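Since the structure comes first, as structure tokens, the remarks are kept for the end.
The values are calculated or read from the model by the stated rules, or taken from the named source; none is laboratory data. All values derive from a computational prediction rather than experimental measurement. Using ideal geometry, Cβ is built from the backbone for each residue, glycine included, and neighbour counts are taken over all protein chains shown.
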Amino acid sequence: MALQPGSSLKEAFPVFAHHRELVFLDNAASCQKPVVVLEAMDKLYRTSYANVHRGVYQISEAATAQFEGARQDVARFINAASAEEVIFTRNATAALNVAAASLALGLKAGDEVLLTHLEHHANLVPWQEAAKRHQLVLKFIPVTEEGRLDLSSIDELINSRTKVLAITATSNVTGTVTELDKLIPKAKAVGATVVVDAAQAAQHLPLDVQALGCDLLAFSGHKVFGPSGIGVLWGRMELLSSLPPFEFGGNMIQEVSYESASFAPPPARFEAGTPPIAEAVGLGAAVKFIQQIGWGAICDYEEGLTRYALEKLVAVPGLRLIGPSTPEARAPVFSFVLEGVHPHDVASILDGVGVAVRAGHHCAMPLHKRFGLPATTRASFTIYNTEEDVNALVSGLAKARQMLAL
Amino acid sequence: MDLYQQNIMDYYKHPRKQGLPTGATHRGDMANPLCGDKIDLHLVMSGGTVTKAGWEGEGCVLSLAAADMLAEYLQGKSETEAGAVDQSWVKKSLGVSPSPSRLKCALLALEALQKALAKN
């Protein structure tokens, strides 16, 4: 049977057989895993596991072929020009740390790094640290009350001092899909290097790194239905070849003497030590799973689900949505506060009726401050969620209001 | 286990010790930046005895109910008894054992008390 988004897709995810009533709405934090991912990892461990690269025996060759095959799957997933442009990291955060620390080495005091007020701490704190070390100036594209980027001063913000634009493709708080098609050409026009944090976008939107025209792009495996412990840093080969290694040790070298070492070309240069082998194989299975469903079907489905959820959520008495209230250019990630009910209580009461959501600042403290809130409750939907899941959320919210709003 | 059982909801909806007493001798404030919870706990201590206790703050049901139960308990206790209040007292008073992520909420007032006693 062809895979399609919606309730039938739950059958592909064993967790929903284990918890039949689970309404899982914490997909912005991490997604559940389809059986194809679990089987791919299990099969590797059971039949052909060994360390990759350099083993001349058969099962090491087999493990290496699967590991490198996964790199090709990921390259196809983001339309990279070659698999060698795909670096496996620990997660998106690790990838963004490499990007910030490595790019900063080529910058000088006073150079500007342009971020946005939407950024997750993972695409903010590494730049703050880089700025401290290299006396860089951080600038920010602000957000509107609706949680979209405010581009009214963009032509001043992107200027001859702008050396890096590091920007999220989709906010993990507001669900905002940023206008990369407008911003990347502007940044490239002043010679800036463009880093895209696609951690949140990768489960919702097709990513085509060549069409985007960015230089580096990061995402995590666990947010695209793959395992935790693996992420991706994609980079244009020309840029990757010019960057120094970030970590040192085995696998990333060409030749080593007691006194010095020369380094391998990318991607090995950025993959010191034994990589997450089974995790890469799991990620390969995950991105193929997404492609099997197809981006057309996913985007259509999620747009419908977003529309439905927005209609229902804005009608909840006392609910203030933090993020766009219209479905255009927005992912099904909904952060909100419920008048008279603390976000922790909202999340605990929803948990009591089988609805899993997150409460807190979602690794975006400055953005919450921008909206005058310490914390929100976040319900984030993906391809296996349904309109019934929206209904369960909304009825849980009514219960929370009834229990606590004075 | 129901975090929203009757006794907890009763303290949340009808706090006994909300409001800071005048002439406080011991003051402790704690905040959890992760969720924005804040508790200010003030004590009036006289002759080694807590004669008044009260709190102000904002937070979830657990953090506020626990603060109110604590302030109510402290009134009339000796400094030694106040210093002996611990996690297990908080859990016993609430009558629930919150998950690790929610336990932090329940313990905020206790941390404010410990801070108040340590400062003096």
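Here is a yes/no grid of residues against (1) at pLDDT 95 or above; (2) at negative phi; (3) in contact with a Cys (Cβ under 9 Å, 6 or more places away or on another chain):
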{"residue": "A:195", "(1), (2), (3)": "yes, yes, yes"}
{"residue": "A:203", "(1), (2), (3)": "yes, yes, yes"}
{"residue": "A:207", "(1), (2), (3)": "yes, yes, no"}
{"residue": "A:213", "(1), (2), (3)": "yes, no, no"}
{"residue": "A:218", "(1), (2), (3)": "yes, yes, no"}
{"residue": "A:221", "(1), (2), (3)": "yes, yes, no"}
{"residue": "A:225", "(1), (2), (3)": "yes, no, yes"}
{"residue": "A:228", "(1), (2), (3)": "yes, yes, no"}
{"residue": "A:234", "(1), (2), (3)": "yes, yes, yes"}
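It is to be established whether one or more residues within the stretch B:32-40 are of a type in the set (S, T, N, Q) and modelled with pLDDT of 95 or more.
no
Got a sec? Which helices (runs of 4 or more DSSP H) wholly within the stretch A:276-392 have at least 1 residues that are in contact (Cβ under 8 Å) with a residue 12 or more places away in the chain, in contact with a Leu (Cβ under 6 Å, 6 or more places away or on another chain) and not assigned by TED's automatic domain parsing to the domain that holds residue A:12?
Once the helices (runs of 4 or more DSSP H) in the stretch A:276-392 are filtered for at least 1 residues that are in contact (Cβ under 8 Å) with a residue 12 or more places away in the chain, in contact with a Leu (Cβ under 6 Å, 6 or more places away or on another chain) and not assigned by TED's automatic domain parsing to the domain that holds residue A:12, what remains is A:277-293.
Go through the stretch B:53-63 and count every residue that is of a type in the set (A, V, I, L, M, F, W, C), within 13 Å of residue B:8 (Cβ to Cβ) and either out of contact with any Pro (no Cβ under 7 Å at 6 or more places or on another chain) or more than 14 Å from every other protein chain (Cβ to nearest Cβ) (or both).
2
Give the residue that is nearest to residue A:319 (Cα to Cα), with candidates limited to residues of the stretch A:393-406 that are within 14 Å of another protein chain (Cβ to nearest Cβ) and assigned to a helix (DSSP H, G or I).
Filtering first and then ranking leaves A:401.
If you scan the stretch B:53-90, which residues turn out to be closer than 25 Å to residue A:375 by Cα and charged (D, E, K, R)?
Across the stretch B:53-90, the qualifying residues are B:56, B:58, B:68.
Which condition does residue A:176 not pass, out of (1) out of contact with any strand residue (DSSP E or B) (no Cβ under 8 Å at 6 or more places or on another chain); (2) surrounded by 15 or more Cβ atoms within 10 Å (Cβ to Cβ); (3) hydroxyl-bearing (Ser, Thr, Tyr), if it passes all the others?
Tallying (1) out of contact with any strand residue (DSSP E or B) (no Cβ under 8 Å at 6 or more places or on another chain); (2) surrounded by 15 or more Cβ atoms within 10 Å (Cβ to Cβ); (3) hydroxyl-bearing (Ser, Thr, Tyr), residue A:176 fails exactly one: (1).
What number of residues within the stretch B:9-24 are away from chain A (no Cβ under 11 Å) and in a helix (DSSP H, G or I)?
Residues in the stretch B:9-24 being away from chain A (no Cβ under 11 Å) and in a helix (DSSP H, G or I): 2 in total.
Take residue B:84 and decide whether it is among the small types (Gly, Ala, Ser), at pLDDT 95 or above, more than 16 Å from residue A:348 (Cβ to Cβ) and surrounded by 16 or more Cβ atoms within 10 Å (Cβ to Cβ).
The answer is no for residue B:84.
Which one is surrounded by the fewest Cβ atoms within 10 Å (Cβ to Cβ) among residues in the stretch A:332-377 that are more than 14 Å from chain B (Cβ to nearest Cβ) and within 16 Å of residue A:24 (Cβ to Cβ)?
A:354
Yes or no, residue by residue, for (1) touching a Lys or Arg at 6+ places or on another chain (Cβ under 8 Å); (2) free of Cβ contacts under 8 Å to residues at least 24 places away in the same chain:
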residue	(1), (2)
B:4	no, no
B:9	no, no
B:18	no, no
B:21	yes, no
B:29	yes, no
B:36	no, yes
B:41	yes, no
B:72	yes, no
B:83	no, no
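Identify all residues within the stretch A:237-275 that are assigned to a helix (DSSP H, G or I) and closer than 16 Å to residue A:52 by Cα; write none if there are none.
If the condition is that a residue be assigned to a helix (DSSP H, G or I) and closer than 16 Å to residue A:52 by Cα, then A:268, A:269, A:270 are the ones that fit.
Can you name every residue in the stretch A:310-331 that is of a type in the set (Val, Ile, Thr) and surrounded by fewer than 20 Cβ atoms within 10 Å (Cβ to Cβ)?
Of everything in the stretch A:310-331, those that are of a type in the set (Val, Ile, Thr) and surrounded by fewer than 20 Cβ atoms within 10 Å (Cβ to Cβ) turn out to be A:314, A:316, A:326.
Have a look at B:90, B:96, B:50 and point out the one that is modelled with pLDDT of 95 or more and either within 14 Å of chain A (Cβ to nearest Cβ) or part of a strand (DSSP E or B) (or both).
After ruling out the rest, the residue left standing is B:50.
Working only within the stretch A:10-67, note down all residues that are part of a helix (DSSP H, G or I), in contact with a Gly (Cβ under 9 Å, 6 or more places away or on another chain) and under 24 Å from residue A:349 (Cβ atoms).
Those that are part of a helix (DSSP H, G or I), in contact with a Gly (Cβ under 9 Å, 6 or more places away or on another chain) and under 24 Å from residue A:349 (Cβ atoms): none in the stretch A:10-67.
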